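The values are calculated or read from the model by the stated rules, or taken from the named source; none is laboratory data. The shown structure was predicted, so the numbers you read here are calculated from the model rather than taken from an experiment. Cβ: placed from backbone, ideal geometry, glycine included. Neighbour counts: every protein chain shown. When the accessible area is computed, the model is the full protein with side chains, heavy atoms only, and any ligands, DNA or RNA have been set aside. Shrake-Rupley method; radii C 1.70, N 1.55, O 1.52, S 1.80 Å.
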Amino acid sequence: MAVKYAFLVDSSRCTGCRACEIACKNENKLPMGPRWRRLRSRETGKFPDLKVVNASISCNHCEDPACMRVCPAGAYTKRPDGLVIHDAEKCIGCRYCVMACPYGAPQFNEETGRVGKCRACLERLQQGLEPACVRICMYDALDFGDINDPNSNISQRIKKSGAMPVPGTSLFYIPPDGRAGELLPGEFQEPAAMHWWLNIIRPGGKIVFGAAAAAVAASLAMGAIKKEGGKDNEHR
Amino acid sequence: KEQVATGTLPYGADRIVKCRCGCGDVCGVHHIADVYVKDQQIVWYGGAKEGWNKGGLCPRGASGLQIIYSPDRLKYPMKRVGERGSGKWERISWEEALDIISDKIVAAIKGPGPHTVAVCQGHNMTSTTGAVRARLAAIYGFDSFEGPHPCWNNLRFGAWATLGDYNHLKEEDFHYSKLIVIWGHNPAIAMPTEWRDGMYRAKQEFGAKIVVIDPRFTETAEKADMYIPIRPGTDAALALGLANVIINEGLYDREFVEKYTVGFEEYKELAQKYPPEEVEKITWAPADKIRELARMYATIKPAVLEVGRGVNYTADNSGWLGPRGITCLIGLTGQVGVRGAGYSVEASLTTPSNSGFIDFPFASLTKGAPTLVPRTKGVKYAAGSAARAIERLYYRKPYGYEVLLVFGTNILAKSPATNVLKEAMMQIPFIVVEDRFINTTGNIADILLPTSTWVEQAILYAEYSHLVCTPPAIKPMFESKPSFLIYAELSDKLCQKLRISQPPETYFPWRKDEDLINALLASKDLPMGGYPALNYQYVIKHPEGIRGARPYNQEGYVWFRQDGDPNKPLVFPTPSGKIELKAQQLEDKWGLPALPVHEEPFESPFSTPDVFKEYPLIGHSRVHRHWGFLQYNLISDGGYASPFIREAFPTAKEPTLELNPAKARELGLKEGDLAWVESRYGKIKARVIFSERIPPELVVTPYHWGNIQNVITPPRWSLFEGAGYNTVGPYGTPSRFIDVSGQSMYAGFLCKVYKA
């Protein structure tokens, strides 16, 4: 079967250390400002009854990428292996994609006047190496690989952990400990489960478009957020 | 292993060198970096799969390249040309620098005496220099001290009083634990590999329960089964509350108590004063949780107490009484002597900076007043020496130093009472600072010496279960040198100027890092040494690490169990040979309480209610994640040298104070406001951050920031002016430094916060 790449984010293991952010910046020689991979951390409840969910989020390499749809310069490519690659050469710096992406993946680089985003370390992949963020993670909270290969590390891990696919994207997600039971196969049978990832990875206010299914999930998640309160925490 | 099909290396590298990760001996774990080198240039830097890190790195490690290639690195020896602290320097040669330094030292030796020269070193940045520093001091009769503020002596002292020893569980030992009580420690962040392969694996794969006790809702608490908040400095009271429940509910191990403890009756009587409801009033830990934990700890076996520095930072006796009280619980329950049980102190006990020095068979070359006792073999806690150094350093009593050599420590940022220390240091006629950056201490130096990074020299690293040596990846950059070589060359100069007849190599035989490492490996005195069969060339071929030769390095070693034999009785190296619930020697030798009593921190809502009225918050410092640990790689503006770190963590960008949102609103503060933290001793300015992780009674103050003064490097970071955190701590008087453990305090003082 053809190669189909996906990322796996395991919030049960992530402690929010941000090494992935730094590895990504190193790898892509980014200046101050853009962070293609970011830790999103959400705290709910009040001291001492606090719940924290950490997730390291980058481009989710959507099935029907909003960034690609809105790009007037044709800078985006959806590859057969699932990766969404942005070509900085073609980019005109209009930033439509920055506005369109519900996950904050494309980011404007003041120095170059162009947008950039996660390329899953394509050059590393071509040399048989894993993306830099996956490599750096001390906690095995990130994984990447071919989900069409049942023997790949990521496939094995998805199978073992029951990681859920995030609809419309190439992302699999494992929620924090003690909530795995909420997760059953089937994308919309468990709205509570949906909210864990949307809650974390979707920066405030944006509605997913492009994938109708994900939009449903988003509205479910919005309800959950309102009910539960909580706060995105960048500092710690 | 990273070679691709074509036979060429990624990133155009011509070789991959396995180097020890960046933190010298600081972080206490065997992390190896893959350094991809092309000619003399590093083209890629990341985690090596052979190391315990298994290819990963912490954020600080990940920013290693930014430290190595930082534009702010100290590149050449420098001489001060303006006023002290003016930031005016002139580049000089090594020859000139060593001449100036040795002249000053010789003048001091011939004048007031060699004891007025002091060598002060922190965690050695390069792993091999701790022992060398002590040797230099021994040869010439200098005062020699670490720090001068050891950060975990209370932790060791309290445990030593009860058990006669302390230990550290190896990662695989945790897999046997059914209950892991993490007390004042944040391993999920501070020790990622031990967390991943030890504690968290025990929970995820082997079904262990994790309980976290901490004033702040830590990253470890996120992953725990139970979290118990506590007021800083009241750990001893919580331990007594647990003892109360365990005794009164008949959950203690009668047979064990009978056979292996002394002082049970008196201890029992003491614990009666601490029913959970009373303890809740003292500690602010909920009574029902105290009961629950007591029952868990008494009945779930094996259980380990994993105790961190958090319990040992408060002022006066409360700092060491915490670990003292905690270890007594082992005596009650018999949770010791099998794998996965016992008391595990967070730090690895055999890092080189915690060690002695290489045998020095000669008498000192100089005659002076008796020097401070260097740490001697067999003494597992640094009795008093640091406290006495502080007397001389801070108060110039009974005499002041003429020359101070500061090697690899930013004492003006990390020491308590930095304002007092700065005043005292300004009176020292000659100060030399060796570092990679011009930090807060460097700002007031007379001579600056540039030191190399971990990839520019050979490194020896050893802790309780891993021994590694790594080769240099590139040559020392600019004119930097490894620390040990600076010591060696200084020693040569001194021999020459003191007209010593023997050749200088007699005293300081090592000119290559490799030779020094071999000497250290062979030394019987070093806890990490004693491996005469090993040598540098052999060990560098094993980046995966070698298990040490000491018994406690071995798989399956069980502390306090004779010869590791489960059929033999337990042996505790205390005066009684048992667990001392009552430790008479504390009273006899130092006039300290023999029973594990609770004493309030010297400043608290209960010990000083009047002060509390004016200063109604408890100041609590924390090390901000990986990058904030200690004083390394800080630049002259007081912050961390890596811009990526400063971007990733708002707490790294500038000094911040964290407040519970409800409390902050009550104080009229908004997130992002600048506010003052003021104690009876001083005040500092910091940016307000809201955090539900902090109880409303606490304020988490910045810990790692030195005096912020943009005097040397043109500031790339525009910071508001402010003083180092440690000026607000309660450290103004000598009595605050405990002579027994030599520990200084960083938490649990009273303060107020108001808008700036």
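Using the structure shown, decide if A:Arg79 is open to solvent by 40 Å² or more (accessible area, probe 1.4 Å), within 18 Å of the chain's Cα centre (by Cα) and facing another protein chain (nearest Cβ under 10 Å). No: the conditions fail for A:Arg79. Take the conditions (1) open to solvent by 20 Å² or more (accessible area, probe 1.4 Å); (2) in a loop (DSSP other than H, G, I, E, B); (3) away from every other protein chain (no Cβ under 11 Å); (4) not aliphatic (A, V, I, L, M); A:Cys118 misses just one of them, which is (1). Of the strands (runs of 3 or more DSSP E) that lie entirely inside region B:596-690, those containing 2 or more residues that are more than 14 Å from every other protein chain (Cβ to nearest Cβ) and touching a residue at least 60 places away in the same chain (Cβ under 8 Å) span B:617-621, B:674-678. Inclusion of B:Pro509 among residues that are open to solvent by 10 Å² or more (accessible area, probe 1.4 Å) and within 30 Å of B:Val17 (Cα to Cα) is warranted. Is it true that some residue in region A:101-111 is assigned to a loop (DSSP other than H, G, I, E, B), surrounded by 23 or more Cβ atoms within 10 Å (Cβ to Cβ), at pLDDT below 95 and aliphatic (A, V, I, L, M)? Yes, some residue in region A:101-111 is assigned to a loop (DSSP other than H, G, I, E, B), surrounded by 23 or more Cβ atoms within 10 Å (Cβ to Cβ), at pLDDT below 95 and aliphatic (A, V, I, L, M). Among the residues of region A:36-78, those identified as at pLDDT 90 or above and on the phi > 0 side of the Ramachandran plot are A:His61, A:Gly74.
Taking region A:36-57 as the range and being more than 19 Å from the chain's Cα centre (by Cα), facing chain B (nearest Cβ under 8 Å) and open to solvent by less than 20 Å² (accessible area, probe 1.4 Å) as the test, only A:Leu50 passes. Of the numbered criteria (1) open to solvent by 10 Å² or more (accessible area, probe 1.4 Å); (2) facing chain A (nearest Cβ under 9 Å); (3) modelled with pLDDT of 90 or more, the one B:Ser63 fails is (1). Selection of region B:198-213 for residues being more than 10 Å from chain A (Cβ to nearest Cβ) and not in a strand (DSSP E or B) yields B:Gly198, B:Met199, B:Arg201, B:Ala202, B:Glu205, B:Phe206, B:Gly207, B:Ala208. Checked against the criterion of being in contact with a helix residue (DSSP H, G or I) (Cβ under 8 Å, 6 or more places away or on another chain), outside any loop (DSSP other than H, G, I, E, B) and farther than 26 Å from B:Cys120 by Cβ, region B:504-517 contains one or more residues that satisfy it. Would you check if there is a residue in region B:549-571 being under 28 Å from the mean Cα position of the chain (by Cα), crowded, with 20+ Cβ neighbours inside 10 Å and on the phi > 0 side of the Ramachandran plot? Yes; the residues of region B:549-571 include at least one that is under 28 Å from the mean Cα position of the chain (by Cα), crowded, with 20+ Cβ neighbours inside 10 Å and on the phi > 0 side of the Ramachandran plot.
The single condition among (1) over 29 Å from the mean Cα position of the chain (by Cα); (2) at pLDDT 85 or above that B:Ala533 does not satisfy is (2).
Quick check on B:Glu96: is it without any contact (Cβ under 8 Å) to a residue 40 or more places away in the chain and in contact with a strand residue (DSSP E or B) (Cβ under 8 Å, 6 or more places away or on another chain)? Criteria met by B:Glu96.
A quick yes/no check of all residues on (1) more than 14 Å from chain A (Cβ to nearest Cβ); (2) in contact with a Ser or Thr (Cβ under 9 Å, 6 or more places away or on another chain); (3) closer than 30 Å to A:Val53 by Cβ:
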residue: B:Glu222; (1), (2), (3): no, yes, yes
residue: B:Tyr227; (1), (2), (3): no, yes, yes
residue: B:Arg231; (1), (2), (3): no, yes, yes
residue: B:Asp235; (1), (2), (3): yes, yes, yes
residue: B:Leu238; (1), (2), (3): yes, yes, yes
residue: B:Arg254; (1), (2), (3): yes, no, no
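Per-residue answers, yes or no, for (1) open to solvent by less than 50 Å² (accessible area, probe 1.4 Å); (2) within 24 Å of the chain's Cα centre (by Cα):
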site	(1), (2)
B:Ile579	yes, no
B:Asp588	no, no
B:Val597	yes, no
B:Ser604	yes, no
B:Ile618	yes, yes
B:Gly638	yes, yes
B:Phe649	yes, yes
B:Leu667	no, no
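Within region A:17-35, if we keep just the residues that are in contact (Cβ under 8 Å) with a residue 24 or more places away in the chain and surrounded by fewer than 24 Cβ atoms within 10 Å (Cβ to Cβ), the residue that is nearest to B:Ala224 (Cα to Cα) turns out to be A:Arg35.
One line per residue, one yes/no per condition, for (1) open to solvent by 10 Å² or more (accessible area, probe 1.4 Å); (2) touching a helix residue (DSSP H, G or I) at 6+ places or on another chain (Cβ under 7 Å); (3) part of a loop (DSSP other than H, G, I, E, B):
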site: B:Pro71; (1), (2), (3): yes, no, yes
site: B:Tyr76; (1), (2), (3): yes, no, yes
site: B:Gly85; (1), (2), (3): yes, yes, yes
site: B:Ala107; (1), (2), (3): yes, no, no
site: B:His115; (1), (2), (3): yes, no, no
site: B:Ala131; (1), (2), (3): no, yes, no
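From the list B:Tyr176, B:Tyr140, the one residue that fits, being hydroxyl-bearing (Ser, Thr, Tyr), at pLDDT 85 or above and farther than 30 Å from B:Ile330 by Cα, is B:Tyr140. Looking across region A:151-171, the residues that are away from every other protein chain (no Cβ under 13 Å) and free of Cβ contacts under 8 Å to residues at least 12 places away in the same chain come down to A:Asn151, A:Ser152, A:Ser155, A:Gln156, A:Lys159. Candidates are the residues of region A:121-150 that are more than 10 Å from chain B (Cβ to nearest Cβ) and in a loop (DSSP other than H, G, I, E, B); the one that is most open to solvent (accessible area, probe 1.4 Å) is A:Pro150.
A quick yes/no check of all residues on (1) closer than 22 Å to B:Ile100 by Cβ; (2) open to solvent by 10 Å² or more (accessible area, probe 1.4 Å); (3) modelled with pLDDT of 90 or more:
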site	(1), (2), (3)
B:Lys397	no, yes, no
B:Leu405	yes, no, yes
B:Lys414	no, yes, no
B:Ala417	no, no, no
B:Leu421	no, no, no
B:Val433	yes, no, yes
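So, in region B:32-49, exactly how many residues are open to solvent by less than 10 Å² (accessible area, probe 1.4 Å) and part of a loop (DSSP other than H, G, I, E, B)? Selection size over region B:32-49: 1.
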